[in-house]
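Structure first, commentary second.
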Amino acid sequence: MAQTKFIKKESLSAWLEELGQDHEVLAPRFEGDSIIFRPYDSEKGFFIDREATAPPKKAIFPQSETLLEYSQIKDMENLSKIAMDVKETIPTTSYVVFGNRPCDARGFTMFDRVYLNGEKVDVYYKARRENTYFITLSCEKGEATCFCNAVGSGPSDPSGSDLLMTPVKDGYYIESVSKRGEELLKSSLLTDGSKMKAEADKYKKAANASMNKAPDFTGSPEKLLAVFDNGAFWEEMSDKCISCGACTYLCPTCYCFNITDEANGLKGTRIRSWDNCMSAQFTSEASGHNPRPAKANRLKNRVGHKFSYYPDLHGGVISCCGCGRCIKSCPVGVDIRQIVLSAIAYKPATKKEA
Amino acid sequence: MNSNPYLPAMATIQEVIEETPTIKTFRVTLNNPNLKKDFTFGPGQVGQLSAFGIGEATFVINSSPTRMDYLQFSVMKTGEVTSMLHTLSAGDQIGVRAPLGNAFPYEDMKGKDIVFVGGGIGMAPLRTLLLFMLDNRKDYGKITLLYGARSPVDMAFSYELPEWLERDDLDTHLTIDAPFEGWEHNVGLIPNVLLDINPSPKNCVAITCGPPIMIKFTVQALAKLGFEDEQIYTTLEKRMKCGIGICGRCNIGTSYVCQDGPVYTYAQLKKLPNEM
């Protein structure tokens with residue numbers, strides 16, 4: 001049975017202070033015109049009144065993280081002999097992500113199938129995942145770019161979260177979603193919330209009703225493959241794209257990465273960094289051959305991965321959480337919904353009968 | 001090999017062989033005696049070699065699991081990692097993440113005739129299976145090897161070729177693209193020489209690896225000889241980083257070359273999206 005609690009709006013800061021004693025708390029706040037997840041600072045506060053500009057990927061999948069540290073050890077008796085010491089650097093920081101939206105937390109469930117449930121477990125991801133808690137805030141209403149309702153989610157979807165907060169009069173109704181989420185509910189700032197359940201349910205229902213009609217992505221895996229070799233289709237879809245990669249960096253479900261070394265004298269680190277499948281170099285091979293030489297090839301792969309390959313491999317689940325950031329922040333207005341819908345609606349021109 | 005799939009095992013380079021002006025072969029042994037004892041792989045599987053300070057790149061283990069004195073990797077100098085690897089010499093330390101990917105289905109090939117068609121550095125993945133089959137010779141039928149390179153100096157494993165040419169149980173054909181003084185073997189492009197050799201497709205599998213353009217025309221030649229798509233195997237080269245099907249670089253549709261490959265039948269490749 002899920003625990004239900006209530007917290008007064010004015011007690012949130014104090015609760016974050018308390019949580020900050022055992023965890024690093026990430027909360028969204030304004031930086032310039034953007035709302036970004038940053039380590040919580042009581043003086044700078046937080047801003048949770050609308051979706052953050054960028055998702056809180058940092059907690060589990062940092063933009064750059066050290067995988068290994070190596071050092072060369074010279075044998076002073078024989079200077080040509082150098083031993084190499086290599087150490088793994090498994091992360092130990094425990095994060096609490098506060099004020100993320102349901103799409104942000106659900107995004108990591110897309111990672112989980114790949115990073116945790118594949119043939120090999122990604123031990124760095126696993127350590128961060130197990131050490132990160134999500135206190136998710138239900139959305140009041142969908143924005144024009146939101147389409148979580150089209151990818152199996154919704155404005156109060158608890159998937160991937162540990163706690164779900166829903167606004168009620170003077171504060172928030174908090175439900176534990178995961179067993180470990182209950183660990184975060186021990187504060188004396190929280191009181192019994194059972195009486196607020198009806199009000200929270202009403203809020204969630206209204207939020208669901210406010211969503212735009214969900215685009216119907218039924219059949220996207222096979223329909224995208226059907227237009228795979230249609231160069232004209234992908235040229236048209238990628239016509240505006242400038243290969244900037246903003247869509248991938250802002251996406252809660254994009255998980256591609258690069259591995260590089262940084263040397264510093266006899267020591268160095270092996271680093272994992274976000275990579276971007278919209279970049280021309282992403283698949284460029286040493287021979288000079290590039291399987292995805294044009295932006296049309298790359299956009300096709302990005303959309304194909306989310307709406308065709310991933311669903312094929314993972315029981316039909318679309319690898320998109322519908323947060324809409326790729327649409328909202330695209331400098332040239334590429335809309336992934338429209339690309340998928342165009343592929344679904346595409347009918348090859350029929351040959352005129354002679 | 002390790003519970004952390006990104007942590008390379010340290011190995012010591014035993015020997016470096018200069019194969020051609022651009023290819024060096026590294027014979028390495030794992031430093032940890034327990035890892036060394038337990039290490040197994042199938043012919044065709046690959047490994048990531050670490051050039052510490054630069055990064056990693058993927059190479060096939062081109063020695064045979066029947067000869068475990070060392071693991072052998074052949075490296076063509078083409079970029080930053082391979083250039084750094086080319087500076088290493090015997091006694092140097094190197095990181096190895098292996099084995100990765102799949103192997104040739106050598107069990108299913110038992111009792112069949114085998115045709116190997118290798119071009120340039122594409123001979124490396126064939127070498128591992130060829131040696132394995134030669135070490136289990138009675139399990140396989142007639143074995144034909146066609147190996148081609150641009151010129152004799154571009155031919156890797158040249159120190160093994162005399163033995164291969166002499167063996168009665170191996171039908172070896174060598175070819176180069178253009179005439180070369182002192183060359184006593186075939187001159188001509190691999191697919192044309194293959195047509196001249198004219199192997200029978202009956203109860204036979206063909207295994208080819210080389211530059212993409214060579215593979216393309218070799219597959220066409222094999223089809224002309226009557227080989228079905230299921231009888232043709234190749235190994236794919238892709239840019240890879242993680243080597244465990246996560247980082248998203250080497251996929252062709254739903255197939256991750258680093259994990260589901262690098263060995264595919266031509267029939268399997270035809271089912272994948274056209275994005276080689």
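To keep it simple, each residue is scored yes or no on (1) over 17 Å from A:Leu16 (Cα atoms); (2) within 14 Å of another protein chain (Cβ to nearest Cβ).
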{"position": "A:Pro28", "(1), (2)": "no, no"}
{"position": "A:Asp33", "(1), (2)": "yes, no"}
{"position": "A:Lys44", "(1), (2)": "no, no"}
{"position": "A:Phe61", "(1), (2)": "yes, yes"}
{"position": "A:Leu68", "(1), (2)": "yes, yes"}
{"position": "A:Tyr95", "(1), (2)": "no, no"}
{"position": "A:Arg106", "(1), (2)": "yes, no"}
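Say we look at region A:75-88 and pick out the residues that are without any contact (Cβ under 8 Å) to a residue 24 or more places away in the chain and within 18 Å of A:Glu65 (Cα to Cα); which of these is nearest to the other protein chains (Cβ to nearest Cβ)? Step through it out loud before you land on a result.
Taking region A:75-88 and keeping what is without any contact (Cβ under 8 Å) to a residue 24 or more places away in the chain, we get A:75-87.
Okay, now just the ones that are also within 18 Å of A:Glu65 (Cα to Cα), so A:86-87.
Numbers: A:Val86: 6, A:Lys87: 9 Å.
Ranking the qualifying residues of region A:75-88, first place goes to A:Val86.
Is one or more of the residues making up region A:286-295 part of a helix (DSSP H, G or I) and either at pLDDT below 95 or closer than 30 Å to B:Gly79 by Cβ (or both)? Step through it out loud before you land on a result.
As a first pass, look at region A:286-295 and keep what is part of a helix (DSSP H, G or I): A:295.
Those still in the list that are either at pLDDT below 95 or closer than 30 Å to B:Gly79 by Cβ (or both) too: A:295.
Checking region A:286-295: at least one residue is part of a helix (DSSP H, G or I) and either at pLDDT below 95 or closer than 30 Å to B:Gly79 by Cβ (or both).
In region A:327-350, is there at least one residue being assigned to a loop (DSSP other than H, G, I, E, B) and within 14 Å of another protein chain (Cβ to nearest Cβ)?
Within region A:327-350, none of the residues are assigned to a loop (DSSP other than H, G, I, E, B) and within 14 Å of another protein chain (Cβ to nearest Cβ).
A quick yes/no check of all residues on (1) polar (S, T, N, Q); (2) closer than 17 Å to A:Cys244 by Cβ; (3) open to solvent by less than 40 Å² (accessible area, probe 1.4 Å):
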site: A:Asn276; (1), (2), (3): yes, yes, yes
site: A:Thr283; (1), (2), (3): yes, no, yes
site: A:Gly304; (1), (2), (3): no, no, yes
site: A:Tyr310; (1), (2), (3): no, no, yes
site: A:Val317; (1), (2), (3): no, no, yes
site: A:Val332; (1), (2), (3): no, yes, no
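When region A:140-157 is examined, which residues are found to be open to solvent by 30 Å² or more (accessible area, probe 1.4 Å) and in a loop (DSSP other than H, G, I, E, B)?
Filtering region A:140-157 for residues open to solvent by 30 Å² or more (accessible area, probe 1.4 Å) gives A:140-141, A:143-144, A:149, A:152.
Across region A:140-157, the qualifying residues are A:Glu140, A:Lys141, A:Glu143, A:Ala144, A:Gly152.
Within region A:105-114, can you find the residues that are over 13 Å from the mean Cα position of the chain (by Cα) and open to solvent by less than 30 Å² (accessible area, probe 1.4 Å)? Outline the logic, then answer.
Of all residues in region A:105-114, those over 13 Å from the mean Cα position of the chain (by Cα) come to A:113-114.
Within region A:105-114, A:Val114 is the sole residue that qualifies.
Quick test for you: out of B:Pro273, B:Pro212, pick the one residue that is touching a residue at least 60 places away in the same chain (Cβ under 8 Å), within 13 Å of chain A (Cβ to nearest Cβ) and surrounded by fewer than 22 Cβ atoms within 10 Å (Cβ to Cβ).
Values: B:Pro273 fails: touching a residue at least 60 places away in the same chain (Cβ under 8 Å).
Going through B:Pro273, B:Pro212 in turn, just one is touching a residue at least 60 places away in the same chain (Cβ under 8 Å), within 13 Å of chain A (Cβ to nearest Cβ) and surrounded by fewer than 22 Cβ atoms within 10 Å (Cβ to Cβ): B:Pro212.
What strands (runs of 3 or more DSSP E) completely inside region B:1-91 contain at least 2 residues that are more than 30 Å from A:Tyr124 (Cβ to Cβ), open to solvent by 30 Å² or more (accessible area, probe 1.4 Å) and more than 10 Å from every other protein chain (Cβ to nearest Cβ)? Show your work before the answer.
Values: elements: B:9-18, B:23-30, B:46-51, B:55-60, B:71-76.
Because the criterion is at least 2 residues that are more than 30 Å from A:Tyr124 (Cβ to Cβ), open to solvent by 30 Å² or more (accessible area, probe 1.4 Å) and more than 10 Å from every other protein chain (Cβ to nearest Cβ), the strands (runs of 3 or more DSSP E) in region B:1-91 that meet it are B:9-18, B:23-30.
So, B:Ile207, is that one within 14 Å of chain A (Cβ to nearest Cβ) and either in a loop (DSSP other than H, G, I, E, B) or open to solvent by less than 30 Å² (accessible area, probe 1.4 Å) (or both) or not?
Considered against the rule, which asks whether it is within 14 Å of chain A (Cβ to nearest Cβ) and either in a loop (DSSP other than H, G, I, E, B) or open to solvent by less than 30 Å² (accessible area, probe 1.4 Å) (or both), B:Ile207 comes out as no.
Within region A:257-272, take every residue that is over 23 Å from the mean Cα position of the chain (by Cα) and within 7 Å of chain B (Cβ to nearest Cβ) and give me the one that is nearest to B:Ala51 (Cα to Cα). Even if it seems obvious, please write down each step before you answer.
Of region A:257-272, the ones over 23 Å from the mean Cα position of the chain (by Cα) are A:261-270.
Remaining after also requiring within 7 Å of chain B (Cβ to nearest Cβ): A:261, A:263, A:268.
Values: A:Asp261: 9, A:Ala263: 11, A:Gly268: 11 Å.
Checked region A:257-272; the qualifying residue nearest to B:Ala51 (Cα to Cα) is A:Asp261.
The values are calculated or read from the model by the stated rules, or taken from the named source; none is laboratory data. The structure presented is a predicted model; accordingly, all values stated were derived computationally and were not measured. Here Cβ is always computed from backbone atoms with ideal geometry, including for glycine, and neighbour counts include all displayed protein chains. These accessible areas exclude ligands, DNA and RNA; they are computed on the full protein's heavy atoms, side chains included. Shrake-Rupley method; radii C 1.70, N 1.55, O 1.52, S 1.80 Å.
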